[in-house]
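Report on the following structure.
The values are calculated or read from the model by the stated rules, or taken from the named source; none is laboratory data. Keep in mind it's a predicted model, so treat the numbers as computed, not measured. Using ideal geometry, Cβ is built from the backbone for each residue, glycine included, and neighbour counts are taken over all protein chains shown. For the accessible areas, the whole protein counts, side chains as well, though only heavy atoms, and no ligand, DNA or RNA atoms are used. Shrake-Rupley method; radii C 1.70, N 1.55, O 1.52, S 1.80 Å.
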Amino acid sequence: MPNLVNAPDRVNDFVIKFANVNGTGSASANSLIMKAVFRMGVPVTGKNYFPSNIQGLPTWYEIRVTRDGYSARAGRVDIMVAMNAETYSKDVREVASGGYLLYDATWPRSTLLQRGDITVIGVPLAQLVNENFDGVRNRILLKNIAYAGVLAALLDIDLEAINGLMSESYGKKPKLLESNTRALRLGYDYAKEHLQCPLPLRVERMDKTRGHIMIDGNTAAGLGCVYAGATIGAWYPITPSTSLMDAFKGFCERYRVDPATGEHNFAVIQAEDELAAIGMVLGASWNGARAFTPTSGPGISLMNEFLGLAYYAEVPCVIFDVQRVGPSTGMPTRTQQGDIMLCAYASHGDTRHVLLFPANPEECFYMAVKAFDLAERLQTPVFVLSDLDIGMNDWMCKDLKWDDAYRPDRGKMLSAEELASLDKFYRYVDRDDDAIPYRTLPGVSPKGAYFTRGSGHNQYGAYTEDSAEYQFVLDRLKRKFSTAARYVPKPEILGKGDSKIGIVSVGSCDGAVREAIDVLARQKIAVDYMRIKAFPFGHDVESFLSLHATIFVVEQNRDAQLRSLLTLETAVDKSKLKSILSYSGFPMSCEPIVDGIRATLPDAPRLTAITGKHAR
């Protein structure tokens, strides 16, 4: 029995971090703990920090048990499950004072684990599984389940909840279920017999997860594409977006197969590169299909030429950019918001593109549908800017709802009957004074035929090098982008509106900002908050910016890209904008936001460990 460092009771408010070796099957065990806590009615989030190789390098998984329902990374570790000898020294340093470290005591590690302010708990996990199971690979896998059993005892996690999850996963494989159940019990019984259970950090049942699910953003976006009516997906595999297409394909195989003939009513195409992928999407969209491609920053770079064609020829398409760390290859398995400017002005020449910024997997689902409607309504590319944190990590979200009365907004698409009533069809004429022309689909009527041009063209669709005719079309495209501000989602604004301090942010920063607002409120500091959901910016964005004397722009990149976009595209005085930046590759926590704001206030000492260097 280890000597416990004196620590106060913390119920449903702590962080577990697992330090493993990539490729050892630890993800399943770690997920079991997270999902079991969720089934006990306690809000929880999971963050996976994994290497970009297949096997052998260190990997970490972080579970935040949060009775208050926070979704951001906590910025601390209360319990470290240290299963990778190569990272012991790093892992032990990361544990908060008063915390706990669990390790495999089959082999002595005392010299690496000495810290007087934490409790070190040794369990002979390898010995337990070696004495009870055969096969090297089998023992490696079941050791993970054994430490899940130890944690269940230490943290008072309902063992039946874990057993239920394993039955759902392995119910059709009795031998696998039996061995996993036995390994879980081995760890649980050892802890009960030899350790103080439960610890002061523990889980108690709540009722805060009713009406919620655990889902990642790529799965939610893939499902949203199906509900939006997308039938064509073309892509080149790239982390962290590949699982979005995997999800779309899986949902289509369930819901897009003709029950009578067995024919697939969808097409998923793996292209030779990202440029080919977006070309396939444009061809499908031009023919009337709803088509999309998922990618990440390097893919957007390659797609630029065709994105300019889509903008200028006015071909609708949807691009999901699951952002990762750049530049170049960067760190493919770390998160960032580094593609904001790249996507806003993608391609050479004068272009502006519609951007949507989901903050969580729930919004990935709904914004997927919105993206297709906007693309066809506006006849232009639409980007959905998610990121690795949203796309690949497990989030607790409200149950996804669907309105069966929904019908896709196909925009200004002329039928054969409507074409017959026209004297002449001209593709790029603005008949309604909203800068959005009418379009036709191939094969509907010979009267609707036109030449789709990426070269200079006039409003009648004819080739031109006449400066006035070229400018006329380009000016209409600019007005169309202004029209788009009426259709895109409005920002979400929180606060009473009477504070001089405002926060502006996008996407996955939202959880950290909301938690920071709560921390600041407890310190009697009131702030207003605007989460931008889309670009172009509308009147609500301009109004919020004008009403606040100091505005902190919170984002996850080095060069303050959102701040730059606000400066370029609004009338805001840029001296009012202060950046709070996080670009380590890890999901943002609330600490740099709290410290960045407090550092600007007179006589307000910083209360956290993050220095003022985050605010500039």
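For LYS447, LYS143, LYS17, give me the order by solvent-accessible area with a 1.4 Å probe, most accessible first, ignoring ligands, DNA and RNA.
From most accessible down to least: LYS447, LYS143, LYS17.
How large is the helix-only mean residue ellipticity at 222 nm for the chain, computed as the sum of -39500 (n - 2.57) over DSSP H runs with n ≥ 4, divided by its residue count, in deg cm²/dmol to the nearest 500?
-11500 deg cm²/dmol
At 1.4 Å probe size, what's the solvent-accessible area of TRP395? Round to the nearest 10 Å².
10 Å²
Name the shape class, rounded, prolate or oblate, that the alpha-carbon gyration tensor gives for region 100-145, where a ≥ b ≥ c are the square roots of its eigenvalues, rounded holds for a/c under 1.5, and otherwise prolate holds if a/b is larger than b/c and oblate otherwise.
prolate
Return the sequence-ordered ³J(HN,Hα) values of region 260-274 in whole Hz as given by the Karplus equation 6.51 cos²θ - 1.76 cosθ + 1.60 applied to θ = phi - 60°, using x for Gly and Pro.
7, 9, x, 6, 7, 9, 7, 9, 10, 10, 8, 7, 6, 6, 5
Can you find, among MET206, GLY217, THR293, the residue farthest towards the positive end of the dipole of region 155-299? Put +1 on the C-beta of Lys and Arg, -1 on that of Asp and Glu.
MET206
For region 390-433, what does the alpha-carbon gyration tensor say about shape, rounded, prolate or oblate, given a ≥ b ≥ c as the root eigenvalues, a/c under 1.5 as rounded, and a/b over b/c as prolate?
prolate
Using the Cα gyration tensor of region 458-578, with a ≥ b ≥ c the square roots of its eigenvalues, what is the shape: rounded (a/c below 1.5), prolate (a/b larger than b/c) or oblate (neither)?
Judged from the Cα gyration tensor, region 458-578 comes out prolate (a/c at least 1.5, a/b above b/c).
Leaving out ligands, DNA and RNA, what percent of the accessible area of the chain is carbon and sulfur, probe 1.4 Å?
Here carbon and sulfur together make up 51 percent of the probe-accessible area.
Under 13 Å Cα-Cα from LYS401, which aspartates and glutamates qualify once same-chain neighbours fewer than 8 residues away are excluded?
GLU362, GLU363
Would you mind checking the pairs LYS172/LYS192; LYS47/LYS500; LYS208/LYS533; LYS175/LYS398; LYS480/LYS533 and listing those with alpha carbons more than 24 angstrom apart?
Exceeds cut-off: LYS172/LYS192; LYS47/LYS500; LYS208/LYS533; LYS175/LYS398.
In whole percent, what relative contact order does region 215-347 give with Cα contacts below 8 Å and a gap of six or more residues?
Worked out over region 215-347, it gives 25 percent.
Taking only Cα atoms, what is the 0 to 90° angle, nearest 10, from helix 510-522's long axis to the longest principal axis of the chain?
60 degrees
Can you give me the long-range amide H partners of LEU102? Hydrogens built in the peptide plane at 1.01 Å from N, cutoff under 5 Å, separation of 5 or more residues or another chain.
Under 5 Å from the amide H of LEU102: MET80, VAL81, ALA82, ILE121.
Under 10 Å from the Cβ of THR550, count the other residues' Cβ atoms, weight Lys and Arg +1, Asp and Glu -1, and hand me the total.
+3
With both partners inside the chain, how many of the DSSP beta bridges are antiparallel, as a percent to the nearest 5?
Once the DSSP bridges in the chain are tallied, antiparallel ones form about 35 percent.
Enter the accessible area of LYS249 (Å², nearest 10), with the probe set to 1.4 Å and all protein chains included.
Looks like 90 Å² after rounding.
Rolling a 1.4 angstrom probe over the protein chains, ignoring ligands and nucleic acids, what is the accessible area of LYS424 in square angstrom, nearest 10?
For LYS424, solvent-accessible area is about 130 Å².
In the chain, with Lys and Arg counted as +1 and Asp and Glu as -1 at Cβ, which of these residues, LEU102, ALA260, VAL506, has the Cα nearest the positive end of the dipole, that is, farthest along it?
LEU102
Among (i) 28.3, 95; (ii) 23.1, 78; (iii) 26.9, 90, find the value of Rg and Dmax of the Cα atoms in Å that was calculated from the structure presented, and write down its label.
(iii)
In what order, largest first, do TYR255, TYR227, TYR345 sit by accessible area if the probe radius is 1.4 Å?
Ranked from most to least accessible, the order is TYR255, TYR227, TYR345.
I need the phi-derived Karplus couplings for region 96-107: 6.51 cos²θ - 1.76 cosθ + 1.60, θ = phi - 60°, integer Hz, Gly and Pro marked x.
5, 4, x, x, 9, 10, 9, 9, 7, 8, 4, 10
Just to check I understand the Karplus step: with θ = phi - 60° and J = 6.51 cos²θ - 1.76 cosθ + 1.60, what whole-Hz values come out for region 235-247, glycine and proline as x?
Those phi angles translate into 6, 10, x, 7, 6, x, 9, 4, 5, 5, 5, 4, 5 Hz.
Would you work out the charge dipole size for the chain about its Cα centre, treating the Cβ of every Lys and Arg as +1 and the Cβ of every Asp and Glu as -1, and quote it to the nearest 20 debye?
Rounded to the nearest 20 debye, it is 920 debye.
Roughly how far apart, in whole Å, are the Cα centres of region 534-556 and region 293-318?
Comparing the Cα centres of region 534-556 and region 293-318, I get a distance of 27 Å.
Sorted by accessible area (1.4 Å probe), largest first, how do LEU176, LEU441 line up?
Listed by decreasing accessible area, they come as LEU176, LEU441.
At most 10 other Cβ atoms within 10 Å plus a DSSP loop assignment makes a site exposed; report the longest stretch of the chain without any exposed GluC sites (Glu not before Pro).
1-262
Roughly what would the spin-label model give for MET206 and LYS424, points 7 Å off Cα along C-beta, in nm?
Label at MET206, label at LYS424, 6.8 nm between them.
In vacuum, with every alpha carbon of region 215-398 counted as one equal point scatterer, what does the Debye formula give for log10 I(q)/I(0) at q = 0.08, 0.12, 0.19 Å⁻¹? Two decimals, please.
Log-scaled intensity ratios, in q order: -0.21, -0.48, -1.26.
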